[in-house]
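The structure appears right after this line, and notes come after that.
The values are calculated or read from the model by the stated rules, or taken from the named source; none is laboratory data. Everything numeric here is computed off the predicted structure, so don't read it as measured data. Here the Cβ is made from the backbone with ideal geometry for all residues, glycine too, and neighbour counts use every protein chain on show.
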Amino acid sequence: MSEEYLNFKKECAFEIDNQACDAMLQSSTNNWLLNANRKKYSYHFEWLGRPIIQYPQDMVAMQELIWEVKPDLVIETGIAHGGSLIMNASLLAMLDYCEAIENGEMMDPKKPKRRVLGIDVDIREHNRKAIEAHPMANRIDMIQGSSIAQDIISQVHEYSKNYKKILISLDSNHTHEHVLAELEAYAQLTSVGSYCVVFDTIIEDMPTEMFPDRPWGSGNNPKTAVWEYLKTHPEFEIDKSIQNKLLITVAPDGYLKRVK
Ligand SMILES: C[S@@+](CC[C@H](N)C(=O)[O-])C[C@H]1O[C@@H](n2cnc3c(N)ncnc32)[C@H](O)[C@@H]1O
């Protein structure tokens, strides 16, 4: 890495710390998040033609993490329309492509090395068909069932035995109990240096009346589960530099880095 690049990154780190301490910026961001959430902002994007229920900022963060970690397996809970599966699969395809170029090899698109495993309790037929018809489908596997059911957990652990560097994304049922059970089941599969990303921790920071038809709310959500999990799992740390950089994110305190 060039000295110029390292100096540029140092400058960025300073600016990121600075924006995180800016009370006015934080408060206008929180206000924006509150209003955007009321408009269902996160539902309005697509990745390579599939609806993805994420904020664009978090999508960029996932791209940065996947490039940094270079996982050979991404495990995701919560498939919905398949947008995040397709996004992660396409980023893994780029890693395979870059690796082939570096090694002077031809990449065989029919034999993908890196894969994505998705788990959802209800894979709707029209979503399954669209995912299976997508050009990225041959690096995606899906399991239908509750992510916290013992037989599903066993299947995921068995599947993951064939991989060396694993990144986890949890985005299914957002209650405290469910996310804590997912963390207990899957976070240990995260490779050292990789991440377990817990989405929708932002629910803790929103008024509970914002989710009238949902079992989650303030005090009962992915962020409270993360805090609980971290009490007994020092091998993970919240990577605050990511939320400080994004500002607009649905995963504050949700980017967990496995440090040992
Ligand atoms: C927020 S959506 C996932 C969005 C997707 N990750 C994306 O970025 O486009 C939540 C999904 O979690 C699924 N879900 C709910 N409860 C679940 C459970 N117990 N186990 C697995 N998936 C569950 C729902 O069926 C729904 O498809």
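Data for the structure
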item: Residue that is farthest from Glu158 (Cα to Cα) [pool: residues in region 113-147 that are within 11 Å of the ligand (Cβ to nearest atom) and among the charged types (D, E, K, R)]; result: Arg124
item: Residue match in region 93-103 (condition: modelled with pLDDT of 95 or more, surrounded by 18 or more Cβ atoms within 10 Å (Cβ to Cβ) and under 15 Å from the mean Cα position of the chain (by Cα)); result: no
item: Unique residue being closer than 23 Å to Lys70 by Cα and part of a strand (DSSP E or B) when the list is Val197, Val156; result: Val197
item: Test result for Asp171, at pLDDT 95 or above and under 21 Å from Gln26 (Cα atoms); result: no
item: Unmet criterion (only one of (1) in a helix (DSSP H, G or I); (2) out of contact with any strand residue (DSSP E or B) (no Cβ under 7 Å at 6 or more places or on another chain); (3) in contact (Cβ under 8 Å) with a residue 12 or more places away in the chain; (4) over 26 Å from Pro56 (Cβ atoms)) for Glu204; result: (4)
item: Unmet criterion (only one of (1) at negative phi; (2) surrounded by fewer than 20 Cβ atoms within 10 Å (Cβ to Cβ)) for Leu247; result: (1)
item: Ile75 being within 16 Å of the ligand (Cβ to nearest atom), surrounded by 20 or more Cβ atoms within 10 Å (Cβ to Cβ) and either assigned to a loop (DSSP other than H, G, I, E, B) or free of Cβ contacts under 8 Å to residues at least 60 places away in the same chain (or both); result: no
item: Scan of region 152-206 for residues that are out of contact with any helix residue (DSSP H, G or I) (no Cβ under 8 Å at 6 or more places or on another chain), away from the ligand (no atom under 14 Å from the Cβ) and farther than 22 Å from Asn88 by Cβ, ordered by number; result: Ser154
item: The lone exception for Gly83 - which of (1) without any contact (Cβ under 8 Å) to a residue 40 or more places away in the chain; (2) crowded, with 19+ Cβ neighbours inside 10 Å; (3) away from the ligand (no atom under 13 Å from the Cβ); (4) more than 24 Å from Arg258 (Cβ to Cβ) it fails; result: (3)
item: Selection status of Asn138, farther than 21 Å from Thr190 by Cα and surrounded by fewer than 13 Cβ atoms within 10 Å (Cβ to Cβ); result: no
item: Options Lys240, Lys245; residue that is modelled with pLDDT of 95 or more, of a type in the set (Lys, Arg) and in contact with a helix residue (DSSP H, G or I) (Cβ under 7 Å, 6 or more places away or on another chain); result: Lys245
item: Whichever residue in region 21-52 is in a helix (DSSP H, G or I) and among the hydrophobic types (A, V, I, L, M, F, W, C) and, among such residues, is nearest to Ala130 (Cα to Cα); result: Ala36
item: Verdict on Ala89 being touching a Ser or Thr at 6+ places or on another chain (Cβ under 8 Å), buried (at least 19 other Cβ atoms within 10 Å of the Cβ) and assigned to a helix (DSSP H, G or I); result: no
item: Positions within region 211-244 being surrounded by 21 or more Cβ atoms within 10 Å (Cβ to Cβ) and of a type in the set (D, E, K, R), in sequence order; result: Lys223
item: Filter result (surrounded by 12 or more Cβ atoms within 10 Å (Cβ to Cβ) and either in a loop (DSSP other than H, G, I, E, B) or among the polar types (S, T, N, Q) (or both)) within region 118-134; result: Val121, Ile123, Arg124, Asn127, His134
item: Residue within region 56-72 that is more than 12 Å from the ligand (Cβ to nearest atom), touching a residue at least 12 places away in the same chain (Cβ under 8 Å) and under 11 Å from Val116 (Cα atoms) present; result: yes
